[in-house]
Amino acid sequence: MPELPEVETVVRGLRTAVGGKALISVTELRARTVINPAKTDLTKPLGRIETVERRGKYILVTLSSGLHLVAHLRMTGKFILADPPQQLSSHTRAYLDFDDGTRLLFHDPRTFGQIKVYQPHQSDPAVQALGPEPLTNAFDGVYLHQALTRRQSPIKTVLLNQQVIAGIGNIYACEALYRAGIRPGKPANKLSAPQCANLVAAVQAVLTESLALGGTSISDYRNVDDKTGEFQHFLRVYGKQTCPQGHALNRIKQAGRSTYFCPVCQK
DNA sequence: CAATGATCCTGTCCGC
DNA sequence: TGCGGACAGGATCATT
C-alpha cells in the first residue's frame, strides 16, 4: 500500500518521467477517477508541468497555467509511463497525454485512486488538513506528545490519522511501534514524553530506511518504471509470524485493519 | 471535538 | 473444478 516512502519514490519517478512536459489532455476511462473542481476543459492543453511534489500520501503537480493536480494512489493506484503509448489494460482508469507523444497511464484495479484538477485559487481540503510531515523538524517529540493529549484511542489508530501525522499507513505504523517498543493498543494519551520522542525517532528511521530502498512492495506497489521497492525484505513485524528476536507475534484488528505486534518486545 | 463504523471496490486466497 | 466468503485498506461520511 503506498505510504510516504512509496509515494515519494513515485514522485521522484514522475519528475524524471514527465517534468517539463506540456500536458495536452486528461482522459478519464472510468467515472469518478478524475475529479474536476476547476471545471476546466480537460481535452485542451492544460500547461507545462513545473513541479511534482509530495504532501503526505498526496501527489501534487503544478502546471504553468496555474492549474494544479492532486493525485492519490490509495491502495492500488499506479502511474506508468507509456512510451510509445502501450495498450490500455482493463485496469487503466485514466491517462495523461503530453506534447511529445508520451502518455502517462493511471492503473488502479480497486478504483479508489483519484486525480483532481484545481484552479490556482482552489485548494484540496484534505491536503489542507494534513498534519506535519514526519521527516521534517516540525514533527518532534514535543509536537507528538501535545497532539496526543486529548486522544484516548489506541496509538496505532492515531498514527494512521493523517491530520496528526501525514503519510503513515498500516505497514509503517506497525513497524514504527515495534521499533519504539510500544504496544499498538496503548491509549495515545498514555504515552510519556520520552516514549513520544522514541516513537518519533522510530517513525523517522523506518521511513528513511524504506525510502532509501524505494519503498515496500507487498503486492501492487510499483514505481513509475514498474520497478518494485525492496524494503519488504526488512519488515520486522508486518505480515510476519515472529519478530527478529524470535518471539511469536500477535495479530489483532484495530479500526478494521490488521495490526502485528510482539507481546514481549512491546510494552 | 473525538471516536467509531460503514462505505467505496476488485483481485486473491482459503475452505468445502 | 467451482463457489462463497473473508480479506486487503486510505479516506470520507454519518452517527454517537
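Values as computed for the structure displayed
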| item | result |
| --- | --- |
| Helix-only mean residue ellipticity at 222 nm for chain A, each DSSP H run of n ≥ 4 adding -39500 (n - 2.57), per residue, nearest 500 | -7000 deg cm²/dmol |
| Distance histogram for the range A:141-261 (every C-alpha pair counted, 10 angstrom bins, percent rounded to whole numbers) | 13, 45, 32, 9, 0 |
| Assigned charges on the beta-carbon of Lys, Arg, Asp, Glu; the range A:4-128 dipole about Cα centre (debye) | 340 debye |
| Farthest toward positive dipole pole in the range A:1-146 [+1 Lys/Arg, -1 Asp/Glu at C-beta], among A:Phe79, A:Tyr143, A:Thr40 | A:Thr40 |
| DSSP bridge orientation in chain A - percent antiparallel, rounded to nearest 5 | 95 percent |
| Nearest-0.05 FRET efficiency for A:Asp99 and A:Arg251, computed from C-beta distance (R0 45 Å) | 0.35 |
| When the convex hull of its Cα atoms is projected in every direction, mean area for chain A (nm²) | 14.2 nm² |
| Set of lysines with alpha-carbon distance to A:Lys78 below 26 Å, sequence-local pairs under 8 removed | A:Lys21, A:Lys39, A:Lys44, A:Lys57, A:Lys116, A:Lys227, A:Lys240 |
| Label-point gap, in nm, between A:Gln119 and A:His233 - each point 7 angstrom along Cα→Cβ | 5.1 nm |
| Ascending count of other beta-carbon atoms within 10 Å, so fewest first, for A:His72, A:His121 | A:His121, A:His72 |
| Unit charges on C-beta of K, R, D, E only; dipole of the range A:141-261, Debye | 660 debye |
| Where labels lie 7 Å past Cα in the beta-carbon direction, separation of A:Ser89 and A:Gln163 in nm | 3.6 nm |
| Dimensionless Rg over Rh [the range A:126-174; C-alpha; Kirkwood] | 0.93 |
| Distance from the range A:153-214 to the range A:120-136 (C-alpha centre basis), Å | 20 Å |
| Chain A: Cys lacking any partner C-beta under 4.7 angstrom | A:Cys174, A:Cys196 |
| Taking A:Cys174, A:Cys196, A:Cys265 and counting other C-beta atoms within 10 Å, the order from fewest to most | A:Cys265, A:Cys196, A:Cys174 |
| Sites A:Thr16 and A:Gln204 - FRET efficiency at Förster radius 22 Å, r taken between beta-carbons, to 0.05 | 0.30 |
| Rounded to the nearest 20 debye, dipole of chain A from Cβ charges on Lys, Arg, Asp, Glu | 1180 debye |
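Read-outs throughout are calculated quantities, based only on the coordinates presented, and are distinct from any laboratory measurement. Please read all numbers here as calculations on a predicted model, not as lab measurements. Please note: Cβ atoms are built from the backbone with ideal geometry, for glycine as well, and neighbour counts cover all protein chains shown.
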